[in-house]
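Input: a single structure, listed below in structure tokens.
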Amino acid sequence: MATNTWRRLMHDRPARIAAAVLGTAALVAFFAPWLARYDPTLQPDPVTLRLLAPSWQHWFGTDPFSRDVLSRVLHGARVSLGVAAGAMLLAVTLGAALGALAAVFGGWVDAAVGALVDVLIAMPRLLVVIALVATFGALSPWWLIALIGGSGWLATARIVRAEFRDHLQRDYVLAARALGASRWRIVWQHLLPAVAPQIAVAAALALAAVIPLEAALSFVGLGIQPPLPSWGNILLDGTDYLTTAWWLVVFPLGAVTLTVGSALVLADRLRAAIAGEEHRR
Amino acid sequence: MTRIFLGRLALVLCLAAACGGRDRGPTGGIVVVSAGADAETLFPPLVVTNQGRAVTELIYDKLADIGPGLNTIGDAGFVPKLASTWEWSRDSLTITFHMNPNARWHDGRPVTARDVQYAFKVWTDSAVGAVQRSALASVDSIATPDALTARVHFRERAPEQFFAFVYTLIPLPAHRLAAIADTALHDAAEVRAPVGNGPFRFVSWMPRVRLELAANAAYYAGRPRLDGVVYVVAAQGATVAARLLAGEADFLEQLAPPDFAQLPADHSVRAQAYGGFDYLFVQFNLRDPAATERAHPIFGDVALRRALTLGVNRTAIVRSIFDTLARPAIGPFSRTQWTADTTLRGIPFDSALAARALDSLGWHDTNGDGVRERGGRPLAFSLLVPASSRARQAAAVLLQAQLKTIGVRVTIEQADFNAFLDRAHRAAFDALVGGVRTSPSPRGVRDVWSTPGPAAGTQNFGRWSNTTFDAHVDSALAATSAGAVRAHVRTAYQAAIDDAPAIWLYEPRLFAGVHRRLTVGALRPDAWWANVASWSIDPAQRLPRDRRASPTP
Amino acid sequence: MSALLEVRDLVVDYAPHATAARDPHRRAVDGVSLDVMRGETLALVGESGSGKTSLGRAVLRLIEPASGSVRFDGTDVRALRGVGLTRFRRRAQVVFQDPKASLDPRMRVGDIVREGIDIHALAPRAAADRRVVRLLEEVGLSAADAVRVPHEFSGGERQRIAIARALAVEPEFLVLDEAVSALDVLVRRQVLDLLAALQASRGLTYLFIAHDLALVERIATRVAVMQQGRIVECAPSATLFGAPSSDAARALLAAIPRFPW
Amino acid sequence: MTRLVVTRALHAAAVCAVVATSVFVLLQFAPGDPFATSLDGADIPPGVRAEWRARYGFDRPPTERFVRWAGALARGELGYSASRHQTVAAVVSDAVPRTLLLVGVALVIGFAAGVGIAVLQARHHRRWPDRVLGALTLGGVAVPEFLLALLAMTWLGVRWRLFPVAGIGSLGDTAAWPLWEQVADLVWHLALPAIVLAIAVASRVARHQRAALLGVLDEDFIRTARAKGLGEWDVLWRHALPNAIGPVIALLGLALPSLVGGAVLIERIFGWPGMGLTLFDALLARDYPLVLAAVLLATVLAVLARTLTDVIAELVAPRRTREP
């Protein structure tokens, strides 16, 4: 089933476009140092070259510190996508692990994970993250990943738990149990591959949630520290000049919207592919 | 001296009265002030913030107020308020204030000397926890020979004893508050809906939303021209400015640099300069944050501090962030202070010289990573910046790029303001972008830059200590003539500049955003609200909200 | 003939979370005692919901009974832990009704059949491959089928795969839980023939669960009839088909279509 | 039924207790001091700070403070907010209705708009209205809310002056106005923050609702309905929507806390001091009693909202039992 899900997805045009956009973003992030014409922290002349409109020298214009916005957006992809991908991986791994534990062991493990989910879901995530960042001061990207990832696993855990419980009742898992397969083997060999598409959906949604969250953190001054560019703090620089320097907002916003939108489209199409597959069965 | 002064005072009084009587100008209209913060309380002893003062000082008058010259020594230039006259005893240990017999509380009761006495009791009672009571430490007691005479006895003579007393102590309505226990005062309903004696009376307060004041028709110095003042609060800087630009507010205390870019497109708002008492700096921690008994491994060396200062182009920083809205700072003072001295010898910007100085101090980039090192230690430090201040962040980013060119690596650390102050107080930082809002008095310099101790240097986060500076600041604060004060202060300031405990960054010039319909006259640099009673609104430009919001006079 | 499986007073409750929805006092299996002799085929017949599947699963310890005992070849199945349980799993296997659901759709047929061999480490790599091929051929498939995935096969072929998987660990006892019910008549006959052949060649013991007496007529040695969680009749095949003693058995018999030829 | 309610209530109480305890513990590690910013100034002697700390019990060990706080809470007291010079109860009773109003209005508008958009999309599946609305809702999710808020403020507020840029009501004694004017004034001030928040809600609802609708439209009973000759709109509104809306409501219940949390920036930008902003300010001021109370309230609200949406979802669409 899952193999078919992936195959279906690859034949889906919106999904291919979205994947291509995300792939391009990832490539840009990786090759940013080679793609960017300027050092993103270079301030050639913060007095006379600040806030220049887009031109042949500076395709995306310059910011209030005379830095090249295109170079910053390219390097910002590195930081923003790096943090987003890291946080997403952490959230999904954590969510899958806890959801699987809850489903497989049941009993008090299930109750404990359920209680944890209930507690965390009751606390608004943005506030929790803001609270922690405000509490412990500005954080390094690694801590940011830990924090955003550590608070974003709830959805994955719920999905994985529900799907695991569903699959645990199915005959093929019973057959494996009858064969003497250990819990570990059942999870690894049978359940995880079965639930992989759903986890991928959760991952895409997590990615889509993390990027705006990073931007929101930057907006309250608690995001990625300068001079390291991130899409969030480039946007923040732009919010002061909404009416006077549109290029500061439009380009990073475009990057954010494209990436988040692609992740959402991918999640949608993947879900559709799963549903189609379930339907066919 | 006393008699001469009294004569001059009488003249001022006459002039004021004459002016008030002849040119009333248009009355009516409501001024809406767009504020970035709310008053924390309306109880004067607990007020700390500027916004708190901006509100309470319209509701409550002082005995006398500092004059337009902002002199703080003796009583020269001070304008009578609740006290119409005062006289000094021969030994200067007693000042007798004669209350204005026309002064009334907003409930109609006369303001008496007992209210002064009661206020002094409240201010000095530790159960109340008045924050600025150390300013009253030199006052021994207050006697009330009659209802309109308050005799203030001082423990010791000081050049600024008059200023310290009248600037701090605000008479409180004893007839309303005396029945309330001191410990309950901070949260009493009476205090949240205060009855004052100033030009405006309290109408309503929705914390963090808005606060409304109405003209006090029975004000002893004549009814204010405005019908009322309303403060509307928004936490976001962009919103505070947007309110003014959208025409929803008439006045904004301070325009931020990005706001200026929007002004040309909008002819309904103008910027009005009024000095300012802020100066900002990069403060070095002279002590090792890990072990405060040791000198800081980098900043312990004055030659290095000077070399870093040489490497910073402050003019470029100021131009980039503020264009012409700020000036490079000179030393530990603001140009608006009367003790300011613009002829001091500063450390110029010369990055070649800075590089040579660092070379000669043994800091070389031996491994080619662009950062100098000495004995295996890189020339790198972290710069603590409050996340709440966009300008300070910008300054840090510019500084970081400039120092990078001379082989110094700066890591910026943003912290929310609370954490920033906490780390500053604990000296848990390498360097920070600090800022001070001074008062007209040179007194403040002692708290920030004198050697830390119980009486001074409480805000000296970098633990800088310089005996020349300390001695001359102390002498200046004890001097009774303006000339002597200036001479001592000059020497002290020069010592501070030469010893470079900080890089003196910039002094923002304050620009208020004022709606075209509003005439505000001159704004006092230490307190923009000082003359609100004389502000007026062009009758031809009244807005519906002036009528709508008009509370019954 | 000795009993391979002895079930005494077995009680199985519905899973706890299901009780809210159903009658809380209702039990899936309500005090069943049963012996399965070595080499025989005991057919367990009853309407759907009578508890036969629960009984089959409880016997294999795929679900935990509430009380009662299950002894397999003399050992108490309910007390098994660790190595003992693993050894038991090798000896007792199961084939489910719906081969679509019982085969992991993401695995190749070869890997499905091989899983038991890997779990019990019955053969090294190359030998395991040979064994998989042999098993596939034994159930009537070919070596080439090993690299295909389940959904490429027909229902009957899939059931053969499931049987091959069960046989891979060389069990003595097989629970056939409605193993042929979902197949169409022709294929059903082929699979039944295969099962009979395997029983003969390997000396297997079957617990054959079905809801339809017609299915078991040819294969069963003895027949047990279940109704509402209890066994109401247990008799040799001939006796039951000739002279059923319980109403339930008579009802089931009456449901068998008799064609007039 | 009563048992269910009691279990739910106990569960909610346990969740609140855990939240409160963990927040309290977390705050112990926070650098800063409740009086660091409120009592900072060159002319404030250090002794004053110690005095204030002692007055509010911050000189006591954390365990003792926790016991005191929990004890007071059990008596129904939330404590005193040092940063606001007010009881926590007074602060919170101002803020909660504002948040409920803002979030409630945004939810209703957003939900209605979202469902409407989804129905429209399902009706014109894979034609241009579907694609255009799909792109818009995608943008509504992808564009950070704070940016949307700033754009709305700059253009709708400052440039075109359609709505007030900030604030919760007009100046003056509005309480004396006729009722309809009061309502109109409130709506006028609520417009910008509610619209921005509603856009976020509508986008999310529309995306989920569209998927759910399309899923249901594939099912047999819809084919039956169509076969009976029902119009496409009737099929959508009468048959598909009731069967597809339940999960979306339940989902909304789960998303509600993050919605309230996401409102913090909107409350900040539009000067709407509800719970989010209060909590944010309290955090920055290290006003611990206020932080604890606000978090606790947010938790209670979240649990309530979840229960409520579960019930609504159940009522709107009785779950059709799936045959195995």
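The values are calculated or read from the model by the stated rules, or taken from the named source; none is laboratory data. The shown structure was predicted, so the numbers you read here are calculated from the model rather than taken from an experiment. For neighbour counting, all protein chains shown are included, and Cβ atoms are generated from backbone atoms with ideal geometry for every residue, glycine included. Ligands, DNA and RNA are stripped out before the accessible areas are found, and what is left, the full protein with its side chains, is counted by its heavy atoms. Shrake-Rupley method; radii C 1.70, N 1.55, O 1.52, S 1.80 Å.
Just a few scattered comments:
- Of all aspartates and glutamates in the structure, the ones whose alpha carbon falls short of 14 Å from that of B:Lys81, not counting any fewer than 8 places away in one chain, are B:Glu57, B:Asp61, B:Asp65.
- Charge dipole (Cα centre; +1 on Lys/Arg Cβ, -1 on Asp/Glu Cβ; no other charges) of chain B amounts to roughly 880 debye.
- Excluding same-chain neighbours fewer than eight residues apart, the aspartates and glutamates reachable from B:Lys121 by a Cα-Cα span under 12 Å are B:Asp140, B:Asp182.
- Sequence-ordered 3J(HN,Hα) estimates for segment B:473-478 from the Karplus curve with 6.51, -1.76 and 1.60 and θ = phi - 60° stand at 5, 4, 4, 4, 6, 8 Hz, glycine and proline given as x.
- Lys, Arg +1 and Asp, Glu -1 on Cβ, resulting dipole of the protein assembly as shown about Cα centre, debye, nearest 20: 1440
- About the Cα centre, charge dipole magnitude for chain C (Lys/Arg +1, Asp/Glu -1 at Cβ), debye: 460
- Antiparallel content of DSSP bridges confined to segment B:294-436, in %, to 5: 25
- For segment D:95-174, the equivalent ellipsoid built from the Cα gyration tensor has semi-axes of 31, 17, 11 Å, listed from largest to smallest.
- Angle in degrees between helix B:390-405 and the longest Cα principal axis of chain B, rounded to the nearest 10: 20
- Within the protein assembly as shown, the proportion of Cα pairs with more than 54 Å between them is 39 percent.
- Here the average projected area of the convex hull drawn through the C-alpha atoms of segment B:349-429 stands at 6.1 nm².
- For chain B, the convex hull spanned by the alpha carbon atoms encloses 152 Å³ per residue.
- Kirkwood Rh, Cα atoms: Rg over Rh of chain A: 1.06
- Relative contact order of segment B:344-441, defined on C-alpha pairs under 8 angstrom at six or more residues apart (%): 27
- Computed over chain D, Cα set: Rg, Dmax in Å: 24.0, 85
- A dipole drawn for segment D:179-324 from +1 and -1 charges on Cβ atoms has a positive end, and of D:Val248, D:Leu197, D:Leu259 the residue lying farthest that way is D:Val248.
- Heavy-atom accessible area, probed at 1.4 angstrom with all protein chains present, ranks D:Ser203, B:Ser134 as B:Ser134, D:Ser203, highest first.
- The P(r) of segment D:167-324 has a tail past 24 Å containing 55 percent of all C-alpha pairs.
- Kirkwood analysis of chain C, using all unique Cα-Cα pairs, places the hydrodynamic radius at 19.1 Å.
- Per residue Cα convex hull volume in Å³ - calculated over segment B:278-508: 118
- Mean Cα-pair separation over length for chain B, i.e. relative contact order, pairs under 8 Å, 6 or more apart, %: 19
- Loop sites in segment B:281-326: trypsin sites (Lys or Arg not before Pro), DSSP, at most 12 other Cβ within 10 Å: B:Arg294
- Between the listed residues B:Ala484, B:Ile497, B:Ala419, the Cα displaced farthest toward the positive end of the dipole of segment B:408-498, a dipole computed from Cβ unit charges relative to the Cα centre, is found at B:Ala484.
- Spin-label pair D:Arg126-B:Ser89: with each label point 7 Å from Cα along the Cα-Cβ axis, the two points sit 9.9 nm from one another.
- P(r) tail for segment B:123-201: Cα pairs beyond 20 Å make up 42% of the total.
- Mean sequence separation of contacting Cα pairs (under 8 Å, at least six apart), scaled by the length of chain C, corresponds to a relative contact order of 26 percent.
- Only one residue of D:Ile109, D:Ala149, D:Pro129 has its Cα farthest out toward the positive end of the dipole of segment D:95-274, where Lys and Arg carry +1 and Asp and Glu -1 on Cβ, and that residue is D:Pro129.
- Rounded, prolate or oblate (a/c below 1.5 giving rounded, otherwise prolate when a/b exceeds b/c) for segment D:170-249 by Cα gyration tensor: prolate
- For segment A:127-278, the convex hull spanned by the alpha carbon atoms encloses 127 Å³ per residue.
- Size of segment D:95-274 as Cα extents on the principal axes (Å, biggest first): 62, 34, 30
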